Amino acid sequence: MLTRRHIRVKVMQSVYSFSLSKSDRLESEVAFFKGSVAATFDLYLLLLALIKAVAAAAEEQLETYRKNKIEDQKRIAALELLLQNSASRFIVQHPILAQLLKNKKIDQWDLEFKFLKDLINLLFESEAFAQHTALEAPNAKDDVQLLVYFFRHIITPHPYLFNYLEDRELTWVDDLPIVNTFLLKTLKKIKVNDVSSLPFPQPVVSKEDMDFGVDLLEKVIGNEASLESELIGKTPNWDPDRIAQLDAIILKIAIGELLYFPSIPPKVTLNEYLEIAKDYSTPKSNHFVNGVLDKLVKEFSSAQRLQKSGRGLQ
C-alpha cells in the first residue's frame, strides 16, 4: 500500500518531530517512524469501520422511526434501501474485518452521531442515490457503484473527517490520500459473494523499503550538522532564518539520499523531494528546493562526490 515516496514523507515527519523535540535519542525517532508506518494500516481499517458505522447508524434511525411510529415513508424507504445494499452488507458482515477491528479495538465512530447522520443525509440528497432509488431491482454491481460514490464523493471530502483524523493521529492526515486511493480501488473490485475480494494489506511495508526508511532516517539525524553545512553559501538570496523549517529538513534529507545511497539515481531523488516540497511546504518551496538541489547535484558531480553504482548509474 505504501510507496517509496510515502516512506520518504514518513522520514520527513520523523526528522521534523526530532527537530521539535530537541531530543538526542535516535531510537525513539526510529520507533516513531516504524509506528507511523504501521498506523497506515490502522487508518485503512478505520475507514472501513466508518462504512460499518454508517450502516449501524442507519439501522438505529430506522428502528427509532418504527418504534416511535414516525410516518415518513420516504425516509424509511431510503434507510431500508441503504441497509439492503449488498456491498454495504458485505463490509458490515465481513468476518476478517470484524476480527481485525475487534483485535485493534477500532470502534471510534460509535459516538460520532452528528457526523454519521450528516453522511447519511448527504447520500440521500445526492443525485446518485436518486438514480439508484429509481432502479427496479438494483444488482450487486449497482450496489458497489453506489458504495464507491458514497466513499469518493461524500465520505472522503467531508471536512469533519480531516479534522477528526488530525486530532486522533499525527500522521494520518498525510496518510489519507494514499489510503483513500487504495481503498477506492478496493471497493471497486468487491465481489459481494467472495470475502477474499476485500484485501487486508500487510501492516508494514516490505523489509527492503522499511530498511531504506530506517537507514535514511538514521543517516540524516546522525549527520545533521554535516548535511546542514552543505547548505552554507547555496542560498545567497535567502536569509537562513527565513528558510522554512520544513524546507531545510527536506533539503537535508535529499542531500543525505544523494550522498549516502549510491543505488538511487540523482534524478529520482530530485523528483521525489520536489514533489514532497510541493505537497507539504510553502507555495514557493518547490522552486526554492529545485534551485538548491540542482546546484548541489552539479557541485557534487563536479567534485566526484556522487558515488553512484548500479546499472545506468556509473
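The values are calculated or read from the model by the stated rules, or taken from the named source; none is laboratory data. What you are looking at is a predicted structure, and each value in this text was computed from that prediction instead of being measured. Reconstructed Cβ throughout: ideal geometry from the backbone, glycine too, with neighbour counts over all protein chains shown.
Within the range 25-54, the set of residues being among the acidic types (D, E) and in contact with a helix residue (DSSP H, G or I) (Cβ under 6 Å, 6 or more places away or on another chain) comprises E29 only.
Residues that are at pLDDT below 85 and under 28 Å from D174 (Cβ atoms): does the range 245-256 have at least one? Scanning the range 245-256, I find at least one residue that is at pLDDT below 85 and under 28 Å from D174 (Cβ atoms), so the answer is yes. Residues that are of a type outside the set (S, T, Y) and not in a helix (DSSP H, G or I) were ranked within the range 249-268; the one that is surrounded by the most Cβ atoms within 10 Å (Cβ to Cβ) is I264.
Among the conditions (1) over 30 Å from the mean Cα position of the chain (by Cα); (2) loosely packed, with under 12 Cβ neighbours inside 10 Å, the only one that L79 does not satisfy is (2). For the range 189-238, the tally of residues that are of a type in the set (S, T, Y) and either closer than 23 Å to V292 by Cα or at pLDDT below 95 (or both) stands at 4.
Only one of the listed residues (D110, D118, D143) is charged (D, E, K, R), in contact (Cβ under 8 Å) with a residue 24 or more places away in the chain, within 20 Å of D42 (Cα to Cα) and part of a helix (DSSP H, G or I). That residue is D110.
The C-beta contact set for the range 77-103 (first residue aromatic (F, W, Y), second residue assigned to a helix (DSSP H, G or I) and surrounded by 13 or more Cβ atoms within 10 Å (Cβ to Cβ), distance under 9 angstrom, 6+ apart or interchain) comprises F90/A140; F90/D143; F90/V144; F90/L147; F90/V195; F90/S197.
Taking the stated definitions as given, is I178 at pLDDT below 95, part of a helix (DSSP H, G or I) and of a type in the set (V, I, T)? Yes, satisfied.
Determine whether D175 is within 19 Å of R5 (Cα to Cα), among the acidic types (D, E) and not assigned by TED's automatic domain parsing to the domain that holds V92. It is false that D175 is within 19 Å of R5 (Cα to Cα), among the acidic types (D, E) and not assigned by TED's automatic domain parsing to the domain that holds V92.
When you scan the range 123-132, do you find a residue that is within 26 Å of the chain's Cα centre (by Cα) and in a helix (DSSP H, G or I), even just one? Yes; the residues of the range 123-132 include at least one that is within 26 Å of the chain's Cα centre (by Cα) and in a helix (DSSP H, G or I). Do we have E230 as on the phi < 0 side of the Ramachandran plot and surrounded by 14 or more Cβ atoms within 10 Å (Cβ to Cβ) here? Against the criterion (on the phi < 0 side of the Ramachandran plot and surrounded by 14 or more Cβ atoms within 10 Å (Cβ to Cβ)), E230 qualifies. Just a yes or no: is a residue in the range 134-155 touching a helix residue (DSSP H, G or I) at 6+ places or on another chain (Cβ under 6 Å), surrounded by 15 or more Cβ atoms within 10 Å (Cβ to Cβ) and of a type in the set (S, T, N, Q)? Scanning the range 134-155 turns up no residue that is touching a helix residue (DSSP H, G or I) at 6+ places or on another chain (Cβ under 6 Å), surrounded by 15 or more Cβ atoms within 10 Å (Cβ to Cβ) and of a type in the set (S, T, N, Q).
Residues of the range 109-127 that are surrounded by 14 or more Cβ atoms within 10 Å (Cβ to Cβ) and of a type outside the set (A, V, I, L, M, F, W, C): E112, K117, D118, S126. Residues that are surrounded by fewer than 21 Cβ atoms within 10 Å (Cβ to Cβ) and not charged (D, E, K, R) within the range 14-36 comprise Y16, S17, S19, L20, S21, S23, L26, S28, V30, A31, F32, G35, listed in sequence order.
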